[in-house]
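Here's the structure we're looking at; comments come further down.
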Amino acid sequence: MSSDPYAFKWDWPAWMKGSVPNPIELFAAPQNLTQPILPGWILGGVINVNERNSSSPDTEREIVAAHSYGHQLNRMMDVLTALIAELPSTKREAAPFRKFSELCQDIQRIKLQAAIRRLDRITSDLATLKATSPDEYGRIAARLRVVLKEEFTSPASAGTKTP
């Protein structure tokens with residue numbers, strides 16, 4: 001037995017040694033553990049892209065870095081919307097096309113709500129900046145006025161927006 005009072009070692013009776021593991025070791029961390037941490041990558045906390053579900057996860061990662069899945073889907077929805085608009089109205093009334101139109105409208109609603117939340121945060125940040133750093137607030141407010149004035153007076157937007 002060790003002279004260290006803290007060096008406890010469970011001792012089994014001689015007849016049990018080798019047949020049953022030490023119960024203390026059942027709860028101890030393994031001495032050698034090899035485990036990949038996030039082998040592949042996570043998309044939005046939902047999709048794990050790796051060699052098991054993609055023939056080329058590196059290529060897919062590069063594509064998504066350049067064009068997100070949302071951006072890709074948005075472009076496909078734009079094309080489908082244009083193609084559906086070319087159909088006779090009687091065909092556009094079919095359930096799959098109606099459901100697709102509802103999906104597009106729901107996505108637009110979600111995008112609008114997200115934009116409103118972002119603008120509310122910006123408004124709040126501007127109010128904080130105005131109270132804490134009036135000079136910096138004045139500089140940013142002046143830049144915003146220029147951008148907003150250009151937006152409302154550009155030829156492309158003439159007649160479509162009101163100041």
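The values are calculated or read from the model by the stated rules, or taken from the named source; none is laboratory data. Source: prediction; values computed, not measured. When we count neighbours, we look across all protein chains shown, and the Cβ atoms used for this are built from the backbone with ideal geometry, even at glycine.
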Could you tell me which numbered condition A66 fails, if it satisfies all but one of (1) surrounded by 11 or more Cβ atoms within 10 Å (Cβ to Cβ); (2) of a type in the set (G, A, S); (3) at pLDDT 85 or above? (1)
Among residues belonging to the range 55-80 that are within 30 Å of F97 (Cα to Cα) and either β-branched (V, I, T) or not in a helix (DSSP H, G or I) (or both), point out the one that is farthest from the chain's Cα centre (by Cα). V79
Show the residue pairs that are 6+ apart or on different chains and have beta-carbon atoms under 7 Å apart, the first residue being within the range 74-101 and of a type in the set (S, T, Y), the second being assigned to a helix (DSSP H, G or I). T81/C104
Can you tell me which of T132, T90 is over 21 Å from the mean Cα position of the chain (by Cα), exposed (fewer than 10 other Cβ atoms within 10 Å of the Cβ) and at pLDDT 95 or above? T132
